[in-house]
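Scroll down for the structure; my scribbles are underneath it.
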Amino acid sequence: MSAFISEKYRSFSPYVPGEQPQDKKYIKLNTNESPFPPPPGVKAAVAKAADRLYLYPDPEHKVLTQKTAELCGVSFENVLMTNGSDETLDFAFTAFCDTNTPALFADITYGFYKVFAESKRISYEEIPLRIDLSLCVDDYTGKKGTVFIANPNAPTGLLLPVAEIERLLNSDPSRLVVVDEAYIDFGGESAIPLCKDHDNLLVVQTFSKSRSMAGARLGFAVGNASLIRDLKTIKYSSNPFNVNALTAAAGIASLEDDAYTRSNCRAICENREYTVNKLREYGFYVTDSMTNFVFARHPRISGKFIYQTLKDNGILIRRFDTPRIEDFVRITIGDRRQMDILLDAVRKITEVKNA
Ligand code: PMP
C-alpha cells in the first residue's frame, strides 16, 4: 500500500475473484464459465467491428439494447447495457443505497454485494438464510433499504419461485428489490415480466454464463424507465463508454443466434443432473441447483481437503471460507468429459477416505 491511498481503502478487503491460472492447464470448474465457445457468428462480428476501433462506440448501444429488449419482451427504455453485470450492480449500489437506505442481502450470497456496500460506505444488513440455505422473503418484512437477491442464489444454487419475488415486491412497494439473475437461464423463471407492473423491481442479467461471453464483459439491467434513467445518471457520471465496441458487436451476434445458447443451456442442465446424481451416489449432500454449478458437502471429508486434492490432480473448483458453508465445494458444470474426469477423481477421494 502506498502512502497516497485514500483513508477509505486503508483497511479495506476487496472482492477476490476465482483463480484464473495461467501457469498450468487445469480442468477449470471454479468460476462458472461456460465450457462452450460463443456462437460461431461472434468471431466474424468482432473482426468486422475491429475495423472501426478508431471511433468511440455508440454510448447508448442502440442496436444491442433494442435486441436485448426484444429478447426480454420489454421496450428500449427499460434496458441498460453494462460492462459485465458486476457494473450494473455497482451502478445500482451507487444509485439506490446510502447511509439512510441500507443494502439488505442474504448472509450467504454473491460476495461482491458486501464489497460494493463497504467500498461505497453504504450501511448493509446480512439476513440469514434458513438452516437449509433457502431464502425466506418474510425475513425481509418491515426492513427498510434496498434488497439485493441473487436468484438463483450463488453459491447455493437454490431458486426462489417468481411468486415469492412478487410477494416480496408487494410487501413494500416503496422498497426497491434488485434481482440478480446471473444464472437464470439454467432452468429458472425470470422475474422480468413483473417489471411491467412493479416499479420497485430491477432485474440484472449477464452474457457471462449462458452466453459464453465471460471474457467480453457484458451485462444488463431491466426495469421501469425511471430506474434505468437513474442508472444512466451513474453511468454518465463515471464511464459513458462502459461497453466497448467489440463486446457490443459480440453481444449482437450472440442475440442473433439464441437457439445456440438455448441448446448449450440444455446440455449444461443435463450434465448438472448427471453430476448431482453421481455425487449423491458417492455420499454427498447436494443442493437442488438451478444454475451451471453444483454445491455439495461430504459428511466426513472436509471441503478444504476435497478442493486441495482435486487441485493437486489438475482440477480447479471453488470453496469459501464463510461460516456455515466451509465444508461445501462449488463445482461449475463443464462438458461431459470434464465432469467424468472430476467425478472419477471425487470417487477416488471418497474411496480412500472410506478405506
Ligand atoms: N452475480 C452473480 C450472482 C455472480 O455469480 C456473478 C459472477 N461472478 C455476477 C453477478 C457477475 O458476473 P459478470 O460481471 O461476469 O456479469
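How big is the stretch 203-273 along each principal axis, measuring the range of its Cα positions in Å and listing the largest first?
In descending order, the Cα extents are 43, 26, 19 Å.
Past the 29 Å Cα-Cα mark, which pairs from LYS43/LYS196; LYS25/LYS278; LYS144/LYS235; LYS114/LYS144?
In this structure, LYS43/LYS196 exceed 29 Å between Cα atoms.
When DSSP assigns beta bridges and you keep just the ones with both residues in the chain, what percent turn out antiparallel, to the nearest 5?
Working: 17 of 33 bridges.
Once the DSSP bridges in the chain are tallied, antiparallel ones form about 50 percent.
Tell me, in nm to one decimal, what length is gained between ILE131 and VAL16 on full extension, where the rule is 0.36 nm per residue of separation less the Cα-Cα distance?
Result for the pair: 38.8 nm of gain on full extension.
Considering only protein heavy atoms, what per residue accessible area in square angstrom results for the chain with a 1.4 angstrom probe?
Ligands and nucleic acids excluded, the figure is 46 Å² per residue.
Dipole of the stretch 40-256, Cα-centred, from +1 at each Lys and Arg C-beta and -1 at each Asp and Glu C-beta, to the nearest 20 debye?
Dipole size: approximately 660 debye.
Pulled fully out, how much extra length does the chain show between LYS120 and SER263, if you take 0.36 nm times their separation in residues and subtract their Cα-Cα distance? Intermediate values should be presented prior to the final figure.
Values: separation 143, 0.36 × 143 = 51.48 nm, distance 3.97 nm.
The LYS120-SER263 span can extend by a further 47.5 nm.
Using the Karplus curve 6.51 cos²θ - 1.76 cosθ + 1.60 with θ = phi - 60°, what ³J(HN,Hα) values do you get for each residue of the stretch 326-331, in whole Hz, with x for Gly and Pro?
The phi angles translate into 4, 9, 7, 10, 10, 10 Hz.
For ASN224, what residues show an amide H to amide H distance below 5 Å, using hydrogens built from the backbone and excluding near sequence neighbours?
LEU201
Sticking with the crude label model, points 7 Å out along Cα→Cβ, report the distance from ASP312 to SER2 in nm, one decimal please.
So the label points at ASP312 and SER2 sit 4.2 nm apart.
With all protein chains present, how much of the accessible area of the chain (probe radius 1.4 Å) comes from carbon and sulfur, to the nearest whole percent?
52 percent
From the backbone phi of the stretch 205-216, what are the Karplus-calculated ³J(HN,Hα) couplings (6.51 cos²θ - 1.76 cosθ + 1.60, θ = phi - 60°) in whole Hz, Gly and Pro given as x?
Karplus-based 3J(HN,Hα) across the stretch 205-216 equals 9, 9, 8, 6, 9, 5, 9, 6, 10, 4, x, 8 Hz.
So, by mean Cβ neighbours within 10 angstrom, what's the order for 200-212, 222-234 with the highest one leading?
200-212, 222-234
List, in order, the whole-Hz ³J(HN,Hα) value for each residue of the stretch 282-290 obtained from phi through the Karplus relation with A = 6.51, B = -1.76, C = 1.60 and θ = phi - 60°; use x for Gly and Pro.
Along the stretch 282-290, the couplings run 7, x, 7, 8, 10, 5, 7, 6, 10 Hz.
So, with +1 on the Cβ of K and R and -1 on the Cβ of D and E, and no other charges, what is the size of the charge dipole of the stretch 1-155 about its Cα centre, to the nearest 20 debye?
420 debye
Name the shape class, rounded, prolate or oblate, that the alpha-carbon gyration tensor gives for the stretch 40-256, where a ≥ b ≥ c are the square roots of its eigenvalues, rounded holds for a/c under 1.5, and otherwise prolate holds if a/b is larger than b/c and oblate otherwise.
Details: a/c = 1.87, a/b = 1.64, b/c = 1.14.
Prolate.
Put +1 on the Cβ of every Lys and Arg and -1 on every Asp and Glu Cβ in the stretch 40-256; which of VAL178, THR65, ILE149 then has its Cα farthest towards the positive end of the dipole?
THR65
If r is the Cβ-Cβ distance from LEU55 to LYS144 and R0 is 41 Å, what FRET efficiency results, to the nearest 0.05?
Details: r = 45 Å, r/R0 = 1.11.
Efficiency, from the Cβ-Cβ distance: 0.35.
Post the alpha-carbon centroid distance, the stretch 1-75 to the stretch 272-293, in whole angstrom.
That distance is 29 Å.
Compare ILE333, ILE252, ILE184 in a GNM of the chain, Cα atoms joined below 10 Å, and give the one with the largest fluctuation.
Residue with maximal mean-square fluctuation among ILE333, ILE252, ILE184: ILE252.
Using a 1.4 angstrom probe on the protein heavy atoms only, line up TYR124, TYR236 by accessible area, largest first.
On the way: TYR124 70, TYR236 95 Å².
Ranked list, largest accessible area first: TYR236, TYR124.
Figure the gain on full extension for ALA163 and THR101 (residue separation times 0.36 nm, minus the Cα-Cα span) and round it to one decimal in nm. Kindly include the intermediate steps, with their values, before the conclusion.
Numbers: separation 62, 0.36 × 62 = 22.32 nm, distance 2.53 nm.
Difference between extended and current length: 19.8 nm.
Could you work out how far the C-alpha centroid of the stretch 76-124 sits from that of the stretch 194-221, in angstrom?
14 Å
The values are calculated or read from the model by the stated rules, or taken from the named source; none is laboratory data. Since this is a predicted model, take the numbers as computed values, not measurements. With ideal geometry, Cβ positions are generated from the backbone for all residues, glycine too; neighbour counts draw on all protein chains shown. What goes into the accessible areas is simple: the full protein's heavy atoms, side chains included, and nothing from ligands, DNA or RNA. Shrake-Rupley method; radii C 1.70, N 1.55, O 1.52, S 1.80 Å.
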